1. Run through the DSSP bridge list for the range 10-130 and note the antiparallel percent, rounded to the nearest 5.
2. Report the label-to-label distance for PHE73 and ARG134 in nanometres (one decimal), using points 7 Å from each Cα along the Cα→Cβ vector.
3. Please give the direction-averaged projected area of the C-alpha convex hull for the range 10-130, in square nanometres with one decimal.
4. If amide hydrogens are placed 1.01 Å from N in the peptide plane, which non-local residues have theirs closer than 5 Å to the one on SER99?
5. In what sequence, highest mean first, do 42-53, 12-23, 64-75 appear when ranked by Cβ atoms within 10 angstrom?
6. Taking R0 as 25 Å, what's the FRET efficiency between ARG125 and ARG82 from their Cβ-Cβ distance, rounded to 0.05?
Amino acid sequence: MAAVRSKDTKPEIIVRKYLWGHGFRYRLNHPRLPGKPDIVLTKYRTCVFVNGCFWHGHEGCRFFVMPKSNSEFWVRKIARNRERDSEVQQKLSDMGWHSITLWECQLKPAKREKYLESLAHTLYRIFLEDHKPRKYVMPEETPAMAAEENGNSFLNVDNPL
Ligand SMILES: [Zn+2]
């Protein structure tokens, strides 16, 4: 129980398998990004963090229960982890990266599908948002108008008879 975020924890593998299976490609523990994010989707400029509910202090979660002994130590430790998490996400955001956090409890068998689907939707939305055309210009002359002038030949381009 020494590391805050150990490598290849089971919840993280669940997320990786889902993403890979749905065509999302990623890098692991990107060394040049703050906080060495677990899963980095370059195409989506998104970092996915898979957080243990206890270590990262998942508020209101039943898996986040302070041990009775030595509780002052744990309170401080978890508070520090949470602080670091939000600093990392702030830095990423300043660099133009999105951060998505998935919690261990959201990856339990009963809830997994719902949260993974919502992760995929969020990624699609981010991609669309990032690639939105700045300005939409209506073409002045549409093919249909041109076709009227020269006997519908324009309309038959895809379907020559
Ligand atoms: Zn939780």
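Values in this text are rule-based calculations from the coordinates and carry no lab data. Computed from a prediction, not measured in an experiment: that's the story for all the values here. Cβ sites come from the backbone with ideal geometry, for glycine too, and all protein chains shown count toward neighbours.
1. Values: 5 of 11 bridges.
Given both bridge residues lie in the range 10-130, the antiparallel proportion sits at roughly 45 percent.
2. Rounded to a tenth, the inter-label distance reads 5.6 nm.
3. Numbers: hull surface 32.0 nm².
Spelled out: convex hull of the Cα atoms, projected over all directions, averaged, 8.0 nm².
4. Here the answer is CYS47, since their amide H atoms fall under 5 Å of that of SER99.
5. Descending mean neighbour count gives 42-53, 12-23, 64-75.
6. On the way: r = 26 Å, r/R0 = 1.05.
Calculated transfer efficiency: 0.45.
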